[in-house]
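I have placed the structure first, in the form of structure tokens, so that the comments after it can refer back to it.
The values are calculated or read from the model by the stated rules, or taken from the named source; none is laboratory data. As the structure is a prediction and not an experimental result, all values here were calculated from the model. Cβ coordinates were reconstructed from backbone atoms using ideal geometry, including for glycine residues, and neighbour counts include every protein chain displayed.
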Amino acid sequence: MAKLYFNYAAMNAGKSTALLQAAFNYRERGMKTLIFTAAIDRRAGDGVVASRIGLKAPARVFDGATDLFAEIGEAIRSEGVACVFVDEAQFLSREQAMQLARAVDVLDLPILCFGLRTDFRGELFPGSERLLAVADEIRELKTICHCGRKATMNLRVDDTGAAVGSGATIEIGGNERYLPLCRKHFYERLEAAHP
């Protein structure tokens, strides 16, 4: 029976690496996969999923207008896809998260989503919130704070390294823009920067 998986973590936990490894495992066994990534994230180029350790793969992009159920159904018919992977799943809309759940239930296809749980303010992303509610299996990928504790938060920093406590929910960036921190150090840094 197919399932919808949501693999979430803070920044730098290896989410894209895990996605690329799992997709490789399918392809190594002769099974076709379909990989999606958010159109808004072009750090590795348009339609590319890339990890910090150098792995990468081409992907279809999704934006707010993408009907994922329709695209997955077409890929099954035309390409014989055995599994779907979604990187940057936090950028899914609530409706798109439900389209993925429907694809699992109706098309009987496993779908593995990878993304952040919360934004730089500690608030759930809408796509992540819906996936947490409807996924069959939820897995946390772990990374650590500078203190050695589990990092669960994503601190946005400015060009000087100071904590940023306000602004647009979505701002694409990597190590230069976000730090994975434990809850204690996340709130300490925010409070120190914005008393």
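Quick look at the values:
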item	result
Pick from the range 17-57, criterion buried (at least 22 other Cβ atoms within 10 Å of the Cβ) and of a type in the set (G, A, S), ranking: farthest from M98 (Cα to Cα)	A23
Entirely in the range 76-195, the strands (runs of 3 or more DSSP E) that have 2 or more residues that are surrounded by 21 or more Cβ atoms within 10 Å (Cβ to Cβ)	81-86, 111-116, 153-156, 178-181
Total residues in the range 24-52, condition modelled with pLDDT under 85 and either among the aliphatic types (A, V, I, L, M) or in contact with a Lys or Arg (Cβ under 7 Å, 6 or more places away or on another chain) (or both)	5
Any hit, the range 46-68, residues being under 26 Å from D119 (Cβ atoms), assigned to a helix (DSSP H, G or I) and not small (G, A, S)	yes
Extreme residue, farthest from the chain's Cα centre (by Cα), among residues of the range 37-70 that are within 16 Å of I111 (Cβ to Cβ) and hydrophobic (A, V, I, L, M, F, W, C)	A70
Residue check, D67 modelled with pLDDT of 95 or more, in contact with a strand residue (DSSP E or B) (Cβ under 6 Å, 6 or more places away or on another chain) and acidic (D, E)	no
